[in-house]
Amino acid sequence: MRKQIAAANWKMNLTYQQGEKLADDLLASQYELKANHEVVFGAPFPYLTMVADKVKNAEKFSVAAQNCSNKKSGAYTGETSAEMLVSIGVKYVILGHSERREYFNESNQLLAEKINIALENKLTPIFCCGEPLNIREAETQNSFVEVQLRESLFHLSADQLKQIVIAYEPIWAIGTGKTATSAQAQEMHAHLRSVLAAQYGKEVANEISILYGGSVKAANAKEIFGMPDVDGGLVGGASLVAAEFAVIIRSLK
Ligand code: PEP
């Protein structure tokens, strides 16, 4: 059974104290989580130890970093390695978020290196892909996203690929309040799964969790997560409000 994941991306928001309160409030809320459900807090680097500590004894809750270096270790001032993250209890790393691709020039090739180093360290990548508005308007989103997968993931073996979570995040829907319809999300998720199946076989493709991201909120999570190829969400803005994100967690199918 594929994992269904509610992943929060706090981005560069919240003070340490606000992050603590948010994590505490969410951990204190009531859920009926199933065996294949997982909740992930994508916290800023300085808060990772604190959040990792809080989720340590909370079954089904884990912590994600929002980035890691493509280098193993050494003279890379300001960088954080996959090995460091694992050493403080981080389980996931968000890679290839459109904001990192746009503001920090992260290419598909660089992301392939980051994926490799994350996997070598048993850190699970949440690999983000998704098209900008002009590509959607030109109706070429399927091939655009396929290239992102091909160039960053398709050097992996099937066993390695199975360690990865994919997040489809149409850039035009991130932080804009403009959500893809559940039908648009399902259509792209089914396409992504068919691309994975063509390369790795149906069985492997059916094991990969594909999250949707882009203005998911309490009011629309249930409908989007209810789509057959949508396995939860990567959530920005709405993950900063405990009451909103708690509803999103409860919307996992
Ligand atoms: C994101 O940044 O991954 C995201 C989906 O943001 P938002 O939910 O705010 O659109």
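Here, the range 4-250 has an Rg and a Dmax of 16.8, 48 Å when only alpha carbons are counted. Using a simple spin-label model with points 7 Å from Cα along the Cα→Cβ vector, what separation in nm is obtained for Val204 and Ala190? For the pair Val204/Ala190, the computed spacing is 2.3 nm. Sequentially through the range 24-39, phi angles give Karplus couplings (6.51, -1.76, 1.60; θ = phi - 60°) of 4, 4, 5, 5, 8, 6, 9, 9, 10, 7, 8, 4, 9, 8, 8, 10 Hz, Gly and Pro residues having no value and appearing as x. Projected label points at Thr176 and His155, each 7 Å from Cα along the beta carbon direction, are separated by 3.2 nanometres. Rounded to whole numbers, the Karplus 3J(HN,Hα) couplings from phi for the range 146-163 are 4, 5, 4, 5, 4, 7, 9, 10, 7, 7, 7, 6, 4, 5, 5, 4, 5, 7 Hz, using 6.51 cos²θ - 1.76 cosθ + 1.60 with θ = phi - 60°, and x at Gly and Pro. For Gln4, the residues whose amide H sits under 5 Å from its own are His37, Glu38, ignoring neighbours fewer than 5 places away on the same chain, with H placed 1.01 Å from N.
Panel order for Lys72, Lys60, by other beta carbons found within 10 Å of each beta carbon, from fewest to most: Lys72, Lys60. Using the Cβ-Cβ distance between Asp53 and Val147 with R0 = 41 Å, the FRET efficiency computed as 1/(1 + (r/R0)^6) comes to roughly 0.55. Let me know the shape class of the range 1-48, please: from the alpha-carbon gyration tensor, a ≥ b ≥ c as square roots of the eigenvalues, rounded when a/c is under 1.5, otherwise prolate if a/b is greater than b/c, or oblate. Since a/c reaches 1.5 but b/c is at least a/b, the shape of the range 1-48 is classed as oblate.
For Leu95, the residues whose amide H sits under 5 Å from its own are Ile126, Phe127, Cys128, ignoring neighbours fewer than 5 places away on the same chain, with H placed 1.01 Å from N. Other residues whose C-beta falls under 12 angstrom from the C-beta of Leu211 contribute a net charge of -2, scoring Lys and Arg +1 and Asp and Glu -1. Across the range 148-214, counting alpha-carbon atoms alone, Rg and Dmax equal 12.6, 37 Å. Summing charges over neighbours of Ser239, with a neighbour being any other residue whose Cβ is under 10 Å away from its Cβ, gives +1 when K and R count +1 and D and E count -1.
No lab work stands behind these numbers, since they all come straight from the coordinates. Since the model is a prediction, treat every value here as computed from it, not as a measurement. Heads up, the Cβs are rebuilt from the backbone with ideal geometry, glycines too, and the neighbour counts pull from every protein chain shown.
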